[in-house]
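J.: Quick one: the structure is below, questions incoming.
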Amino acid sequence: MNNEKLISARGVVGTTSIMLDVIVALAPVLIWGVVAFGLRALIVVLIASASAVVAEALMRLILRRKMRFTDLGAIASGMLLGLTLPASVPFWIPALGGAAASVLRQIFGGGRCPFNSVAASHVILHLVSATAMGYFTAPFEWLPITNVVSAAPFRTPLEIIAGGAMPSQSILELFLGKGGGAIGEISAVFIILGALYLMYRCVISWHVPVAFIGTAALLFGFLPQSVDVTGYIFGELLSGGIALAAVFAATDFSATPVTAPAKLIFGAACGALTVAIRFYTGSYDGAFAALLAASFLARPLDMLFSSSRFGSAHKKKNAALVAKLEANK
């Protein structure tokens, strides 16, 4: 049994337990993606997950680290990476992305990686093939498993909003997952259910997702637009990867602050950077690029608050939990 431990909202716990909860929370998001885009969406996510597992095993062999077959971390990161992709991408994209996420995480220290490896992998894929990463197809028009080149491109709600109009879908339809986009980004309702599950299981706290989404909503309200402000705000929040990034990626333990004040600032930075990227680049989503940039603030923020009463209390609590776990081995 693997003894590696992570600091979650419920204290210091085993990696396997945490990653299993993440996979369970992502499962409804994936199921809806398959409902919307067909079995090809499932294959894309499975390829990303398998690639992540194989790459992690190879990197551990190369770096002469102990093999871990029970922590599920590679599966969870590959699954999340796959959900950030369009269902129409060629299969080498999820294969490269899943492998990149694992390689980066292992090179930079596994659970102590100084940046979010899934966000980094997502950005790398955009740099490698922006065309494939930006080629979306209509939801509920299932793609063939192979030969999707002939599939007609679909203007996502995010692209329409960036053009100064509002999508044909209502806010409720966007919330329920009837818009277009990446496999795991289109249904806010299932992402929220996943967030509630993870909070119930004390895997994550509310600080980062609320600060991320709340800051983005506030700043979107101040941006100049030619449409209804409320509709614009909800349209931006329910389009693209803000919700997925805020709940599942920005709460990753390897590159997220530990103390509550640091988490709030970190989440706010993610939200602000996302708004800035969308405003200055047009239809580019920006949520994962913003998270990648903000992840470099995690350690400095923890250092800043480590001497405060928040940091001291948190460190004492986790030190006690670690001692208890070691005593019960």
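J.: Kindly indicate the residue of the range 97-120 that is under 30 Å from Lys178 (Cβ atoms) and touching a Phe, Trp or Tyr at 6+ places or on another chain (Cβ under 9 Å) and also surrounded by the most Cβ atoms within 10 Å (Cβ to Cβ) among those meeting that condition.
T.: The selected residue is Val118.
J.: May I ask you to verify whether Ile183 is crowded, with 20+ Cβ neighbours inside 10 Å and under 16 Å from Val89 (Cβ atoms)?
T.: Values: crowded, with 20+ Cβ neighbours inside 10 Å: yes; under 16 Å from Val89 (Cβ atoms): yes.
Yes, satisfied.
J.: Has the range 25-37 got any residue that is more than 18 Å from Phe190 (Cβ to Cβ), crowded, with 24+ Cβ neighbours inside 10 Å and not aromatic (Phe, Trp, Tyr)?
T.: no
J.: Would you kindly identify the helices (runs of 4 or more DSSP H) lying entirely within the range 166-234 that contain at least 1 residues that are at pLDDT 95 or above?
T.: Passing ranges, in order: 188-200, 207-222.
J.: Could you tell me whether Pro94 is outside any helix (DSSP H, G or I), within 24 Å of Gly194 (Cα to Cα) and touching a helix residue (DSSP H, G or I) at 6+ places or on another chain (Cβ under 8 Å)? Steps first, answer last, please.
T.: Working: outside any helix (DSSP H, G or I): no; within 24 Å of Gly194 (Cα to Cα): yes; touching a helix residue (DSSP H, G or I) at 6+ places or on another chain (Cβ under 8 Å): yes.
So Pro94 does not fit the description; no.
J.: Restricting to the range 79-96, and then to whatever is among the small types (Gly, Ala, Ser) and modelled with pLDDT under 95, can you tell me which residue is surrounded by the most Cβ atoms within 10 Å (Cβ to Cβ)?
T.: It comes out as Ala87.
J.: For residues that are within 15 Å of Ala195 (Cα to Cα) and among the β-branched types (Val, Ile, Thr), scanning just the range 235-270, find the one that is modelled with the lowest pLDDT.
T.: Looking at residues that are within 15 Å of Ala195 (Cα to Cα) and among the β-branched types (Val, Ile, Thr), I get Thr251.
The values are calculated or read from the model by the stated rules, or taken from the named source; none is laboratory data. Note that this is a predicted model, so its numbers are computed, not measured. In this analysis, Cβ positions are derived from the backbone assuming ideal geometry, glycine residues included, and neighbour counts consider all displayed protein chains.
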